[in-house]
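Undergrad: Have a look at this one.
The values are calculated or read from the model by the stated rules, or taken from the named source; none is laboratory data. Keep in mind the model is a prediction, meaning the values are calculated, not measured. Please note: Cβ atoms are built from the backbone with ideal geometry, for glycine as well, and neighbour counts cover all protein chains shown. Just the protein is used for accessible areas: all its heavy atoms, side chains included, with ligands, DNA and RNA removed. Shrake-Rupley method; radii C 1.70, N 1.55, O 1.52, S 1.80 Å.
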Amino acid sequence: MEHTASNVLQAVLDRHGAYCACRGACGKTHGRNGCRRPDQFGRPRLSAGPYPPHPTDRQNIAVPAADLVPWCGPCWRRALDTVREQAAAERRERLEALQEGLFADGELEGAA
């Protein structure tokens with residue numbers, strides 16, 4: 001059987017229900033049952049993604065369909081922004097730690 005995006009999403013919705021499954025990864029406080037936010041124009045459109053999301057699209061796409069949950073667009077975008085900001089901060093910290101010894105006092109004096 002061929003798996004299309006609609007088949008995967010439908011399987012995720014059948015397994016988890018037709019509600020956003022965010023439980024706070026987006027930075028908002030949700031109840032015990034997740035986001036389940038009503039939309040003023042009806043139910044929000046849902047997509048399938050891992051919980052919590054990974055920093056890169058490649059990592060998110062590689063998650064097996066059985067490990068996906070439904071997300072509403074606003075929660076997904078906020079959660080993805082948060083995880084990407086955290087990953088960028090970790091990369092900056094690692095880079096700074098690696099460079100600390102490069103420019104220590106006295107090391108560049110002999111180079112001139």
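Undergrad: Tell me the net charge near residue 49. Cut-off is 12 Å between Cβ atoms, residue 49 excluded, with +1 for each Lys or Arg and -1 for each Asp or Glu.
TA: Value of the local net charge: -1.
Undergrad: May I pose another question? For residue 12, what charge total do you get from the other residues with a beta carbon under 14 Å from its beta carbon, if Lys and Arg give +1 and Asp and Glu give -1?
TA: Its environment carries a net charge of 0.
Undergrad: Now a separate question. So, counting K/R as plus one and D/E as minus one, what does the shell of residues with Cβ under 15 Å around residue 63 add up to?
TA: Around residue 63, the charge tally is 0.
Undergrad: Taking only protein heavy atoms and a 1.4 Å probe, what accessible area per residue, in Å², does segment 44-83 have with all protein chains in place?
TA: Result: 55 Å² of accessible area for each residue.
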